[in-house]
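Shown next, in structure tokens, is the structure this report addresses.
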Amino acid sequence: HIDDCRNPESKEIDPFAMALVKRANSYTEITVSGTGLRIIGTGSTRNLHTKKKVPRSGISVEAYRNCERYITISNMPLDGDNGTQ
């Protein structure tokens, strides 16, 4: 989950967040709030449950893998590079 990376009015997405989306090359959707993105994929390594702030920005990244955690699915897929649904 990438928090506070998308302006819901202009639909502009922070370049750092878009770089993560492109690197993941996986299903990405806009969060219910419209201000974040969720990248959904699979992992095969140890458990992970972390949240880190991105330096010099208002963005934070949460990562979960092989842990007991519920997430909300918005069913608002990210459409290409422009951040629209």
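Among 42, 84, 50, which is at pLDDT below 95 and in contact with a strand residue (DSSP E or B) (Cβ under 7 Å, 6 or more places away or on another chain)? Going through 42, 84, 50 in turn, just one is at pLDDT below 95 and in contact with a strand residue (DSSP E or B) (Cβ under 7 Å, 6 or more places away or on another chain): 50. Number of residues in the stretch 4-28 that are in a loop (DSSP other than H, G, I, E, B) and open to solvent by 90 Å² or more (accessible area, probe 1.4 Å): the value is 4. Taking (1) open to solvent by 80 Å² or more (accessible area, probe 1.4 Å); (2) in contact with a Ser or Thr (Cβ under 8 Å, 6 or more places away or on another chain); (3) of a type outside the set (D, E, K, R) in turn, residue 31 satisfies each apart from (1).
Looking at this structure, is residue 52 open to solvent by 60 Å² or more (accessible area, probe 1.4 Å) and in a strand (DSSP E or B)? Don't jump to the end; show me each part of the working.
Numbers: open to solvent by 60 Å² or more (accessible area, probe 1.4 Å): yes; in a strand (DSSP E or B): yes.
Judged against the criteria, residue 52 is a match.
Reported count of residues in the stretch 55-72, each being open to solvent by 100 Å² or more (accessible area, probe 1.4 Å) and at pLDDT 85 or above, is 1.
Taking the stretch 9-67 as the range and being touching a residue at least 60 places away in the same chain (Cβ under 8 Å) and either within 17 Å of residue 79 (Cβ to Cβ) or over 14 Å from the mean Cα position of the chain (by Cα) (or both) as the test, the residues that pass are 11, 12, 13, 18.
Could you say which residue among 70, 64, 27 is over 14 Å from residue 5 (Cβ atoms) and in contact with a Leu (Cβ under 8 Å, 6 or more places away or on another chain)? Give the steps one after another, and end with the answer.
On the way: 70 fails: in contact with a Leu (Cβ under 8 Å, 6 or more places away or on another chain); 27 fails: in contact with a Leu (Cβ under 8 Å, 6 or more places away or on another chain).
The conditions single out 64.
Flag: residue 61 does not match the condition of being assigned to a loop (DSSP other than H, G, I, E, B) and among the aliphatic types (A, V, I, L, M).
The values are calculated or read from the model by the stated rules, or taken from the named source; none is laboratory data. Since the model is a prediction, treat every value here as computed from it, not as a measurement. Positions of Cβ are generated from backbone atoms using ideal geometry, with glycine treated the same way; all protein chains shown enter the neighbour counts. Ligands, DNA and RNA are stripped out before the accessible areas are found, and what is left, the full protein with its side chains, is counted by its heavy atoms. Shrake-Rupley method; radii C 1.70, N 1.55, O 1.52, S 1.80 Å.
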